[in-house]
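Heads up: the structure comes next, in structure tokens.
The values are calculated or read from the model by the stated rules, or taken from the named source; none is laboratory data. Not measured: the values here are computed from a predicted model. Methodologically, a virtual Cβ is constructed for each residue, glycine included, from the backbone with ideal geometry; neighbour enumeration extends over all protein chains shown. Only protein heavy atoms, including side chains, enter the accessible area calculation; ligands, DNA and RNA are left aside. Shrake-Rupley method; radii C 1.70, N 1.55, O 1.52, S 1.80 Å.
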Amino acid sequence: MTSPAPTNLLYTDVEEALRSSVADLLAKRSGPEAVLAALDSGNTHDTNLWRTLAEQLDVAGLLIPEALGGVGGSAREAAVIAEELGRAVTPVPFLGSAVLATSALLACDTAAEPVAKLLAALASGDTTAALAVPLAAMPGTAFPDAVTVADGRLTGTVTSVVDAGAADVLVVPAGGGLYSVAVGDGVTVTGLIALDRTRAIADVTFADAPADLLAGPETAAAALDSALTTGAGILASEQLGVAEWCLDTTLRYVKERFQFGRAVGSFQALKHRLADVWLELVTARAAARYAADCLATGRADVDVAVSIAQSHCSMVAVHAAEEAIQLHGGIGMTWEHPAHLFLKRAKSDEIALGTPGRHRARLAGLIDLPGPVA
């Protein structure tokens, strides 16, 4: 019996080059201040930036094989992109379209015409999709039954669907199968006022909406679970990016802010608090990188790795964002400073694709950890 190849948690040269390209574009087009200004004007999706990411950096088709028109990248590269998008709280449908919907399609029969055609459209960036499940849906749960199927038409409502407002096509679990539905007749997308305005969610109602079958009952459940697992694993890297921005920005601020003739960063109490965040960040990076590598290589413990990463990175991102606001003092509490965007993204991500508590409960079952004795 051969041993699995050792895991390399370090970033490869290709991954660093990809990071640099994405970071440069976001710095020019979508820094936190620019995001805040866009939200003030009512824009919750940056359509032009998403088109640029798709056309110039092939972000939309990163996970799609070259034979289907994509780049043929892996979850490791997708995690690097998620990290940078988290660092800038960028309002683009990367999670909903390039990760969740795409992963669900890739777990179907990609030789089937409806699947291959939709993947090609997503890879080109001409089409954006969303997976019609609630934002809080997590891997390992029962197949949803909110939408019913009759004669190839869907009826029902799915609440809190991420990136539905930016989608042209919806990938819908219904009646034990997976279906694609074009946003149009029979589909109503109602945007919701969310805590995190940089990640828009919406309720989607289907009223006898025509649909194309993507996967039958024999494969649909596995395809949906694969998508949720991939999404949760890559979301951990986004949470890592959120925490990194919070720590970096706070460190810079406490070095420049003076009180009693000294930089406030020289006060021992603040040093200890920032050191705690840094230590959490180091462990979060290891957990997120391992989850991404497991997804990329198909390791047997991928479910364990994803639940560890989600349960840990969620809490680290929230703590880092809370400390950023606290240690910025009065300016950190203002609307004009972007720190609140990162706290809201961290809190939203804490709920997305399974809360830390739900992932820990799932993890206990995965590793046969006995529960408390009554």
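Count of region 164-206 residues, restricted to those that are modelled with pLDDT of 95 or more and touching a His at 6+ places or on another chain (Cβ under 9 Å), is 0.
The residue of region 296-305 that is most open to solvent (accessible area, probe 1.4 Å), among those that are small (Gly, Ala, Ser) and assigned to a helix (DSSP H, G or I), is Ala296.
Within region 136-153, residues that are over 11 Å from Gly176 (Cα atoms) sit with their Cβ atoms under 7 Å from residues that are open to solvent by 60 Å² or more (accessible area, probe 1.4 Å) and among the acidic types (Asp, Glu), at 6+ positions apart or across chains, in these pairs: Arg153/Asp208.
Does region 188-239 hold any residues that are in contact (Cβ under 8 Å) with a residue 60 or more places away in the chain, among the β-branched types (Val, Ile, Thr) and closer than 23 Å to Ala34 by Cβ, and which are they? Within region 188-239, Thr198, Ile201 qualify.
Condition check for Leu106 on (1) modelled with pLDDT of 95 or more; (2) open to solvent by less than 40 Å² (accessible area, probe 1.4 Å): one failure, at (2). Residue count for region 122-135, restricted to those that are surrounded by fewer than 24 Cβ atoms within 10 Å (Cβ to Cβ) and either in contact with a strand residue (DSSP E or B) (Cβ under 7 Å, 6 or more places away or on another chain) or without any contact (Cβ under 8 Å) to a residue 12 or more places away in the chain (or both): 4. Would you please name the residue that is farthest from Ala364 (Cα to Cα), looking only at residues in region 306-325 that are touching a Gly at 6+ places or on another chain (Cβ under 7 Å) and buried (at least 22 other Cβ atoms within 10 Å of the Cβ)? The selected residue is Ala324.
Just one of Ala150, Ala132 is among the hydrophobic types (A, V, I, L, M, F, W, C) and touching a Pro at 6+ places or on another chain (Cβ under 8 Å); which is it? Break it down stepwise before answering.
Working: Ala150 fails: touching a Pro at 6+ places or on another chain (Cβ under 8 Å).
Going through Ala150, Ala132 in turn, the sole match is Ala132.
Within region 72-119, count every residue that is closer than 21 Å to Pro210 by Cα and assigned to a helix (DSSP H, G or I). Selection size over region 72-119: 12.
Applying the selection to region 166-205, what residues are among the aliphatic types (A, V, I, L, M) and in contact with a helix residue (DSSP H, G or I) (Cβ under 6 Å, 6 or more places away or on another chain)? Passing the criteria: Val171, Leu178, Val189, Leu195, Ala200, Ala202, Val204.
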